[in-house]
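Remarks on the structure that follows.
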Amino acid sequence: MLPPISHRIAAELGARPAQVDAAISLLDGGATVPFIARYRKEATGGLDDTQLRLLEERLGYLRELEERRAAVLEAIEAQGKLTEALRAQIAGAETKQRLEDLYLPYRAKRRTKAEIAREAGLEPLADALLEDPSRDPAAEAARFLRPPFRTEAGDNPGVADADAALEGARWILMDRFSEDAELLGRLREHVWQQGLLTSTVVPEKQSGGAKFRDYFDYREPIAKLPPHRALALLRGRNEEVLRLSLVLPDEDAPERMIAARFGIADRGRAADGWLTQTVRLTWRAKLSYSIETALLAELKARAEEEAIRVFGRNLKDLLLAAPAGRRPTMGLDPGIRTGVKVAVVDATGKVVETATVYPFEPRRDVDGSLAVLAELARRHRVELVAIGNGTASRETDALVGALRRRHPELGLHAVMVSEAGASVYSASEVAAREFPDLDVSLRGAVSIARRLQDPLAELVKIEPKSIGVGQYQHDVSQTRLAKTLDAVVEDCVNAVGVDLNTASVPLLTRVSGLNPRLAENIVALRDRQGAFRSRRQLLEVPRLGPKAFEQAAGFLRIGDGDNPLDASAVHPEAYPLVERILADLGQPVGEVMRRPELLRTVRPERYVDERFGLPTVKDVLAELEKPGRDPRPAFRTAEFKEGVNDLKDLEPGMVLEGVVSNVTNFGAFVDIGVHQDGLVHISMLAERFVKDPHEIVKAGDIVRVKVLEVDLERRRIGLTMRLDEPADGSRARARSGPEPRQGGAQRRERRAKEPQPRGAMADALARAMRKRGD
């Protein structure tokens, strides 16, 4: 019998069961992860948002497992086949896979050859030959002949001769062998640990599948295959460029495992050969293909989980990137033929003017474009220019450079901004509601400007997977990806907090306890009655009740409200605690917030009672010392090298400044301003060994890199952050030793000299089925 769910999760988290029980109770009561992590530390013993997300996920899995366990027990009991031993095995199943293995023999299935053989009364023959291999198969089979007959399930061909009897007995044993839960688990583990995943190119796709060139002739242990490589191989298969298969160095090992499980050995007895062939067919005709399929699915699931984790981490880094703040900003959405779209937003993000300029071909109106931009900047006192990093971004950057040189008095500062997802936002319903009278092409420029002012507030309007900081996002479970990324967005929004009087509906929707309907109602009330003066006014919002208020209030800020505490992360439920502290200090809250040294005289233990524990008291004091503090870093920008606008401008040895656009398990991609991100391989991130690239960089970081190589054909750029590395990367190769993977030519030469395993498991299945005529 397994321990309770809370005990299992506690063991995984390294927490106490009581902490997990408290968190489960809060989640079941409708509390959100951000709320529990921030305002219920006493109950959970300080579990953070990462632990709570894992707890929430595992809770869902284990509850589904328990529901399935109950259904399986009920189904087997209804068949009258539930023994105490089987009940104990099912009760002890720790995974869904183990549970399904145990249920396999009792699952309703189509009328198989094994079932037809059982109807014909051949199970005693199978049992007899398995129990006593000294019996002569033909002689034993002769005792089981019978003519065709009808059953409720359909016609049964009967048993015409000894060969038919032995054939039926074999199907019965193959069925039994292939449904043995213990054996299935061992075989699956053996193939996972020993199997080699091989890939070859589909001959007719060789010329068009250049992006999969590295995998045209490739093999690697499946258990050691990195997630990004697994997804690349699986994508190659899905695009019908690659053929994948699993091979075993010792291809007979699974047959030996099956034979050992059922006490089968070839000792020259009458039935030994027949039983050995039955074992061989069990593996090759029934189990090899199903296990290969299951393991490739497991490989995909593990790779997906890691890809989604990396995507989520990159998204978090991007959402929590430094905001430029409330500064008038001009957004430029670059374009050649269609012109550069221009949008100016004021310090609050409100659109004040738009335009389109045509500095490039075919019009090439450089002077006119500069005049328009200068006038817009002067009229609206623009401080920052945000340039989208898509097509023509470097040309547009050069245009802004000319503007700054011609008009230094404007004091403009230009910043390249990722426009990933901007086109998705421009055509979205959210953008249409926000800018009903603004052309779609200009909405992108607005988004680019606002992204510079506050990345989080603007990016929440875009579907997370469209932001473009992950790899293989279209190859993973879209449901799981969306759930994970939504959780990341929720955690980021609530970590920063939201200005109740300026937040958009999409931003408010991400606040703990709120949903799209409540967010719309908040904005509607704000539009009708003016700015909120107090958090308590939230209770006047239609359909926003006490529970939603409890979950949301602490994350919503009112900067110039009636109560200074409303501008902080102190929850309204803790206001009485603050009043006690203020009474002892003899100062009003505004004075205490301006003079944090007063708080250093406070002993937190003095204010602990049955309602407020020590963690809450300490959090309140920290918040009073730095009210409404933003966890995001200070704003700074990268300077791209002038004259380096395209891949053709790059040369090995160049040292450039760039922005980390994406971090993967194998390295970091860096935007150096040439419309194609370069890769800093994990081995090139630092002078020391790096296990996880996130130890060194994160999305949005500004870094200096050296160009190692440029592949114009495949549009690939190799970079290093080890600036003393020779341009050919020779020092890194010398340090790391010989390349562990061999090229296709060397591998083919080596394999020609070695005895080879017999093809893929799938091929073995096809051969066996053809031989059996099935």
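The values are calculated or read from the model by the stated rules, or taken from the named source; none is laboratory data. This is a predicted model, so every value here is computed, not measured. Here Cβ is always computed from backbone atoms with ideal geometry, including for glycine, and neighbour counts include all displayed protein chains. What goes into the accessible areas is simple: the full protein's heavy atoms, side chains included, and nothing from ligands, DNA or RNA. Shrake-Rupley method; radii C 1.70, N 1.55, O 1.52, S 1.80 Å.
Applying the criterion of at least 2 residues that are closer than 30 Å to GLU123 by Cβ to the helices (runs of 4 or more DSSP H) found wholly in segment 175-281 leaves 181-194, 253-261, 272-281. Going through ASN645, ASN563 one at a time, which residue ends up being in contact with a helix residue (DSSP H, G or I) (Cβ under 7 Å, 6 or more places away or on another chain), touching a residue at least 24 places away in the same chain (Cβ under 8 Å) and of a type in the set (S, T, N, Q)? Answer to the check: ASN645.
Taken over segment 663-707, the residue count meeting the criterion of being polar (S, T, N, Q) and over 23 Å from the mean Cα position of the chain (by Cα) is 2.
Being open to solvent by 70 Å² or more (accessible area, probe 1.4 Å), of a type in the set (Asp, Glu) and farther than 30 Å from LYS109 by Cβ is a property that does not hold for ASP217. Apart from one condition, PHE435 fits all of (1) open to solvent by 10 Å² or more (accessible area, probe 1.4 Å); (2) under 25 Å from GLN473 (Cβ atoms); (3) of a type in the set (Phe, Trp, Tyr); the exception is (2).
Of the residues making up segment 276-294, those that are out of contact with any Leu (no Cβ under 7 Å at 6 or more places or on another chain) and of a type in the set (A, V, I, L, M, F, W, C) are VAL279, LEU281, TRP283, ALA294. A single member of ARG143, ARG118 is assigned to a helix (DSSP H, G or I), surrounded by 15 or more Cβ atoms within 10 Å (Cβ to Cβ) and basic (Lys, Arg), and it is ARG118. The set of residues in segment 506-526 being β-branched (Val, Ile, Thr) and crowded, with 20+ Cβ neighbours inside 10 Å consists of THR509, VAL511, ILE522. Just one of the listed residues (VAL703, VAL660, VAL644) is open to solvent by less than 40 Å² (accessible area, probe 1.4 Å) and closer than 11 Å to MET721 by Cα, namely VAL703. The requirement of being under 21 Å from ALA420 (Cβ atoms) and at pLDDT 75 or above is satisfied by GLY700.
Checked against (1) touching a strand residue (DSSP E or B) at 6+ places or on another chain (Cβ under 7 Å); (2) more than 18 Å from THR200 (Cβ to Cβ); (3) modelled with pLDDT of 95 or more; (4) not hydroxyl-bearing (Ser, Thr, Tyr), LEU242 passes all but a single condition, namely (2). Of the helices (runs of 4 or more DSSP H) lying entirely inside segment 1-101, those containing at least 1 residues that are within 30 Å of LEU556 (Cα to Cα) and modelled with pLDDT of 95 or more span 17-28, 33-39, 41-44, 49-78. The residue pairs whose first member lies in segment 629-641 and is of a type in the set (Asp, Glu), whose second member is modelled with pLDDT of 80 or more, and whose beta carbons are closer than 6 Å, counting only pairs six or more residues apart or on different chains, are GLU639/GLU657. In segment 392-410, the condition of being touching a strand residue (DSSP E or B) at 6+ places or on another chain (Cβ under 8 Å), within 12 Å of MET330 (Cα to Cα), open to solvent by less than 60 Å² (accessible area, probe 1.4 Å) and not in a loop (DSSP other than H, G, I, E, B) is met by at least one residue.
Taken over segment 411-429, the criterion of being buried (at least 17 other Cβ atoms within 10 Å of the Cβ), of a type outside the set (Gly, Ala, Ser) and assigned to a helix (DSSP H, G or I) is satisfied by VAL424, TYR425. Restricting VAL570, VAL608, VAL578 to residues that are open to solvent by 30 Å² or more (accessible area, probe 1.4 Å) and within 19 Å of TYR39 (Cβ to Cβ) narrows the list to VAL608.
It is to be established whether one or more residues within segment 639-653 are out of contact with any Cys (no Cβ under 8 Å at 6 or more places or on another chain) and assigned to a strand (DSSP E or B). Among the residues of segment 639-653, not one is out of contact with any Cys (no Cβ under 8 Å at 6 or more places or on another chain) and assigned to a strand (DSSP E or B), which makes the answer no.
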